[in-house]
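Have a look at the structure below, then the notes.
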Amino acid sequence: MSDVIIAATGLRKNFGTTEALRGIDLAVERGEVLAVMGPSGSGKSTLVHCLAGVLAPDAGSVILNGTNLTTLGADARARFRLANVGFVFQFGQLLPDLSATDNVALPLLMGGASRGEASATARKWLERLGLSGQLDKYPGDMSGGEAQRVAVARALATRPAVLFADEPTGSLDSVSSENVLTTMLDVVREAGTTVVLITHDARTAAYADREVIVRDGRLSGAFAEAAAS
Amino acid sequence: MRPAAARLFLFSSAGAYRRLVAIVAGIALGTGMLLVLLGAYLHMPDRDERVAWKEPNSAGALFSDDRGVPLAPVDDTVLLANHVDFFDGATIETVSVASSAHTSVAFPDGIAPPAPGEYYASPAMARLIDQNPADQLGGRYGKRLGVLPASMLKGPSQRIVLIGANWDALAGDANATAERAFATAGNHSASLLYQAVLAIGSVALLVPIVLLISIVSQLGAAERRERFATVRLIGAGRRDVAALAGREMGLASLAGGLIGIGVAALLRPAAAVLSIGGATSYRADLVPSFGWTAASLVIVAALGAGTAWWRTFRDDVGALGATRERPEKRTTGWRAVPLGVGLTAFCGSAAATRLDGAPQDLVLLGLVGGFALTAFGIVHAGPWITKAASQTYRRLARSAAGVVAAGRLSRHPRATFRSVAGVVVAVFIVSMLAGVLSSVARLVAVDDTPGLLRQDTLIAALDSPEQAGAMLASLASVAGVREGVVAYRTPRDGATTEVMTPADARAVGAIDVPDAPAVTLDLFDMLSGGIMSGSTSVKAPQPAPAIAGLAPEYVLAVTDGSPAAIERARTAMIAAGKPSLAPTTRSDFAERGTLEFTQELSALAYIGMAIAIGISALALAVATVAAALDRKRTFGLLRLGGMPVSELRKSVTAEAALPLGATLAASAALGFFVAWVMVGALGDGATMAWPDARYWWALGGSLAIAALAVTGSFGVVSRSTEVVSTRFE
């Protein structure tokens, strides 16, 4: 029996007169790696904003890990994200003034962990992602791939149910890109974390269990039927 | 870049207008204050020149003990003597003048010297006389002929009377000089210190203005990163972008400067009521010349343009929008060296004041130089103190907000300290003055100490023995006077003691008085004990032979202690005896000079502190907003990841509070330390006490304003980091 962790039904979102989402139905299973593809302006970012509880849709509902996000206020959604969701972006996500350890420890501290616990957990995740030599380094002193792996460690440190990764390798060369992706996916599969991966790159999408394509605010073609099933 | 393009670039959003309005307002306020200070500085010599008439004329004065002083009135000369009088704790300048009936000498504005029994008063003095019963004040001087014109006064609050005197009496006055013409060039030595303070204040005011411009430029660059990047992308060079920002700030500074002329006009009435050098100011004395005003505007505009150009050039927004973050130079303990050298020089020089034969010029240079270096050293060491405090904070931080703030502080101690540097220097100087003032206040807080002259007793030095009878007779009918007694001159030449009856000695406060026909005692010690030195012990009265045949030297009036009785007694003694020195109580003696001077200086320091705090608070608010906008993306992503905005606020608050708290505490402690060294070395036994309420108000006020500046920026922090404003990339 399938275990759906994200269930979006009839999602609609407008920005002024622009219809960004025009009724999307999507289900993602626990532990699945889903790639969301689509051209620029197709609405995939808006879709992920709604799925993660960053934006409230104008219509439809999102149930993530058993919680209907559309019934929560902004503060409650923020608390929910902290406990259930991790994010990795293309670049600029690390705080330049904090060491790798402190960057990873930050969401744990936000979640109420003690400084000692947070630092120990952060070191453990950094070591797991092959960064044992970079614990006290600052983002400015690391390579792009190292910084991205620190970002992955930070996203996973709170053991989120879902990881949203938005072009996580978009700013990296092909070698670093593959290195980051394989490391990230190894770790999430081992932890049983669900991943929603936004990408333009078919090679990156190939790492996913399943792909959906967003076009003009809708899931397109056969993918739509598969996605909603 | 063509002006039309620059205009499109600079003024194309409401945010740009708001920022420009804030810049113009800040610069207008700063320039307004600068122009007032500059005017006061430039007109300080004029104030001295207007009161030069009462000073000995170096060209024509003949001191009365010189040969050649006319013993009888002559038409081409007047005798002039400066003294002080007291009323209800206030000091009054009295200038006595003696002239012939047909004198050819006239005061400025053609005012003829008053005859004995007549006087002129300054407007402030005339008001004081009119507001009080004649037997308490007006009766001392005789008939008022009119008020002295502004051309003879330092400022509107100056309390001065020009009194007609008998030639014979003044010829015997050691203070009197013979003048054929009045001096027109003032003695500037008294106002040199004030000029130095005003000059330092004027220059010091430019520092927070430059800091403000620098921080606002940073904010402008942070707000317009995308726009700068677009301009770079379409072909503008790094210098072109810097030139745009420089031109914008130069124009804004010029506009602010021009409005500042109006602000100065609004500030002048408030500034004019501040006492400088013993008097408030005429508004005209606070207006700089056209040339100086124009030069100030050019300097402000050039500083604005130059600072913005440099700041933007240094930030170097690239064509892709990213600014290259320039790591700060490493902050080490070497930054504290100037502070250590300054303190060593100051403390060493202070210790040297106790050594016999120490070269005075060198000691003074060490004190002044050490103090200046200490003040500079605090600013120089500020980033290091901030870094040290932030590293401790980093180890102790338990929350996400604490970790974010400590990370920022320890990586950018110079930038974070810069926004609070103005407040830190102001607090140092005010703490030092408050410490010194507390010791002076303690000295002048006269109370009834056994053995010293009673507080309710006036003592008058006699110019001639005959004055004693007239004074005693007059005192006999004054309400509130309990006793009038006489102290006699000790027969031995050079003796510093007086002779009194044992009963009279006890009546004026002496203790351990032996039973004898008469006793010797030191009345000057009894008057000055605990004031000119920290010691309140006086020599015990000694037995003496009988008083008969001795000449009266002092008359003392013991009153019921009420202010009215004391002033009635003083008025009666002056009116009856015409002594050249006004009768004095211990409180009057204590108030002379030092307290008034220190209070004036501390008032200026408090105002300086208020100005520094005002501008620094603005800088702090702008710096807080700029720091948040600089990290708009990372803060936004943190909020996306679930960080509540309250945590971000805590972080922003900690980033401002830590450098402010750490360096403010250090500068206040150093200020009091310097005051303690100064009082210990120069105060001859004086000790410090807790500063008065004004100090705590100023300190609390500065913290409150800083808190207001930071909380005022919260709205911008919240709006600029809203999750919807942070795009997924």
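The values are calculated or read from the model by the stated rules, or taken from the named source; none is laboratory data. Here the structure is a predicted model, which is why all the values come from computation and not from measurement. When we count neighbours, we look across all protein chains shown, and the Cβ atoms used for this are built from the backbone with ideal geometry, even at glycine. Remember, those area values only see protein heavy atoms, side chains included, never the ligands or the DNA or RNA. Shrake-Rupley method; radii C 1.70, N 1.55, O 1.52, S 1.80 Å.
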Practice item. Identify, by number, the condition in (1) at pLDDT below 85; (2) buried (at least 21 other Cβ atoms within 10 Å of the Cβ); (3) β-branched (Val, Ile, Thr) that B:Thr457 doesn't meet. Key: (1)
Exercise for review: Can you confirm whether the range A:7-16 contains a residue that is surrounded by fewer than 17 Cβ atoms within 10 Å (Cβ to Cβ) and over 20 Å from A:Leu219 (Cβ atoms)?
Suggested key: yes
Exercise for review: Within the range B:639-674, track down each residue that is open to solvent by 10 Å² or more (accessible area, probe 1.4 Å) and hydroxyl-bearing (Ser, Thr, Tyr).
Suggested key: B:Ser646, B:Thr653
Revision key, fill the gap. Across (1) over 15 Å from B:Thr331 (Cα atoms); (2) at pLDDT 85 or above, B:Ala375 clears everything bar (2)
Practice item. Could you list, in sequence order, all residues of the range A:76-119 that are buried (at least 21 other Cβ atoms within 10 Å of the Cβ), at the interface with chain B (Cβ under 7 Å from one of its Cβ atoms) and of a type in the set (D, E, K, R)? Key: A:Arg81, A:Asp97, A:Asp102
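Going by the conditions given, is B:Ala375 of a type in the set (Gly, Ala, Ser), open to solvent by 10 Å² or more (accessible area, probe 1.4 Å) and under 30 Å from the mean Cα position of the chain (by Cα)?
On the way: of a type in the set (Gly, Ala, Ser): yes; open to solvent by 10 Å² or more (accessible area, probe 1.4 Å): yes; under 30 Å from the mean Cα position of the chain (by Cα): yes.
Yes, satisfied.
Go through the residues of the range A:37-48 one by one and say whether even a single one is closer than 23 Å to A:Asp201 by Cβ, of a type outside the set (Phe, Trp, Tyr) and part of a strand (DSSP E or B).
From the range A:37-48, those closer than 23 Å to A:Asp201 by Cβ are A:37-48; that's our starting set.
Subset that is of a type outside the set (Phe, Trp, Tyr): A:37-48.
This time we only want the ones that are part of a strand (DSSP E or B), so: A:37.
Yes, the range A:37-48 contains a residue that is closer than 23 Å to A:Asp201 by Cβ, of a type outside the set (Phe, Trp, Tyr) and part of a strand (DSSP E or B).
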Exercise for review: Return the only residue of A:Asp201, A:Asp141, A:Asp186 being within 14 Å of chain B (Cβ to nearest Cβ), out of contact with any strand residue (DSSP E or B) (no Cβ under 6 Å at 6 or more places or on another chain) and open to solvent by 10 Å² or more (accessible area, probe 1.4 Å).
Suggested key: A:Asp141
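Looking only at the range B:61-113, how many residues end up being among the polar types (S, T, N, Q) and either modelled with pLDDT under 80 or more than 17 Å from B:Ile160 (Cα to Cα) (or both)?
First pass over the range B:61-113, keeping only residues among the polar types (S, T, N, Q): B:64, B:77, B:82, B:91, B:94, B:96, B:99-100, B:103-104.
Next, from what is left, pick out any that are either modelled with pLDDT under 80 or more than 17 Å from B:Ile160 (Cα to Cα) (or both): B:64, B:77, B:99-100, B:103-104.
Summing the residues that are among the polar types (S, T, N, Q) and either modelled with pLDDT under 80 or more than 17 Å from B:Ile160 (Cα to Cα) (or both) in the range B:61-113 gives 6.
Check whether at least one residue in the range A:166-180 is within 14 Å of chain B (Cβ to nearest Cβ) and either open to solvent by less than 10 Å² (accessible area, probe 1.4 Å) or more than 25 Å from A:Leu47 (Cβ to Cβ) (or both), and report yes or no. Break it down into steps so the answer makes sense when it comes.
Pass one, the range A:166-180, residues within 14 Å of chain B (Cβ to nearest Cβ): A:166-172.
Cutting the leftovers down to either open to solvent by less than 10 Å² (accessible area, probe 1.4 Å) or more than 25 Å from A:Leu47 (Cβ to Cβ) (or both) gives us A:166, A:168.
Yes: one or more hits.
Between B:Arg394, B:Arg411, which is open to solvent by less than 50 Å² (accessible area, probe 1.4 Å) and touching a residue at least 12 places away in the same chain (Cβ under 8 Å)? If you could, list the steps in order and put the result at the bottom.
Values: B:Arg411 fails: open to solvent by less than 50 Å² (accessible area, probe 1.4 Å).
Selected residue: B:Arg394, the only one of B:Arg394, B:Arg411 that is open to solvent by less than 50 Å² (accessible area, probe 1.4 Å) and touching a residue at least 12 places away in the same chain (Cβ under 8 Å).
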**Study point:** Which numbered condition A:Ala20 misses (of (1) more than 11 Å from chain B (Cβ to nearest Cβ); (2) assigned to a helix (DSSP H, G or I); (3) modelled with pLDDT under 90)
**Key:** (2)
**Study point:** Criterion: more than 10 Å from chain A (Cβ to nearest Cβ), modelled with pLDDT of 75 or more and out of contact with any Gly (no Cβ under 6 Å at 6 or more places or on another chain) - qualifying residue of B:Ala657, B:Ala617
**Key:** B:Ala657
Check your understanding: Which one of these does B:Ala126 not meet: (1) open to solvent by 40 Å² or more (accessible area, probe 1.4 Å); (2) without any contact (Cβ under 8 Å) to a residue 40 or more places away in the chain?
Key -> (1)
Study note, to complete from the structure: Of (1) under 17 Å from B:Ser667 (Cβ atoms); (2) not in a helix (DSSP H, G or I), B:Arg398 fails just (1)
Check your understanding: Of (1) open to solvent by 20 Å² or more (accessible area, probe 1.4 Å); (2) out of contact with any helix residue (DSSP H, G or I) (no Cβ under 6 Å at 6 or more places or on another chain); (3) more than 14 Å from chain B (Cβ to nearest Cβ), A:Val28 satisfies all except one. Which?
Key -> (1)
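Which residue is farthest from the other protein chains (Cβ to nearest Cβ), if the candidates are limited to the range A:50-72 and must be assigned to a loop (DSSP other than H, G, I, E, B) and open to solvent by less than 40 Å² (accessible area, probe 1.4 Å)?
Step one: list which residues in the range A:50-72 are assigned to a loop (DSSP other than H, G, I, E, B), which gives A:53-58, A:65-66, A:72.
The next check asks that each one be open to solvent by less than 40 Å² (accessible area, probe 1.4 Å); those that pass are A:53-55, A:57.
Values: A:Gly53: 9, A:Val54: 5, A:Leu55: 7, A:Pro57: 13 Å.
Looking at the filtered set, the residue picked out is A:Pro57.
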Check your understanding: Within the range B:620-638, which residues are within 14 Å of another protein chain (Cβ to nearest Cβ) and open to solvent by less than 20 Å² (accessible area, probe 1.4 Å)?
Key -> B:Ala627, B:Ala628, B:Arg631, B:Thr634, B:Phe635, B:Gly636, B:Leu637, B:Leu638
**Study point:** Residue check for B:Ala405: within 14 Å of chain A (Cβ to nearest Cβ) and either assigned to a helix (DSSP H, G or I) or surrounded by fewer than 21 Cβ atoms within 10 Å (Cβ to Cβ) (or both)
**Key:** yes
Study note, to complete from the structure: (1) at the interface with chain A (Cβ under 9 Å from one of its Cβ atoms); (2) modelled with pLDDT under 85 all hold for B:Ile429 apart from (1)
Practice item. Quick one: in the range B:477-511, of everything that is under 20 Å from B:Ser464 (Cα atoms) and hydrophobic (A, V, I, L, M, F, W, C), which residue is surrounded by the fewest Cβ atoms within 10 Å (Cβ to Cβ)? Key: B:Ala495
**Study point:** Residue list for the range B:528-560, filter: open to solvent by less than 40 Å² (accessible area, probe 1.4 Å), modelled with pLDDT of 85 or more and under 19 Å from B:Leu452 (Cα atoms)
**Key:** B:Pro541, B:Glu553, B:Val555, B:Leu556, B:Ala557, B:Val558, B:Thr559
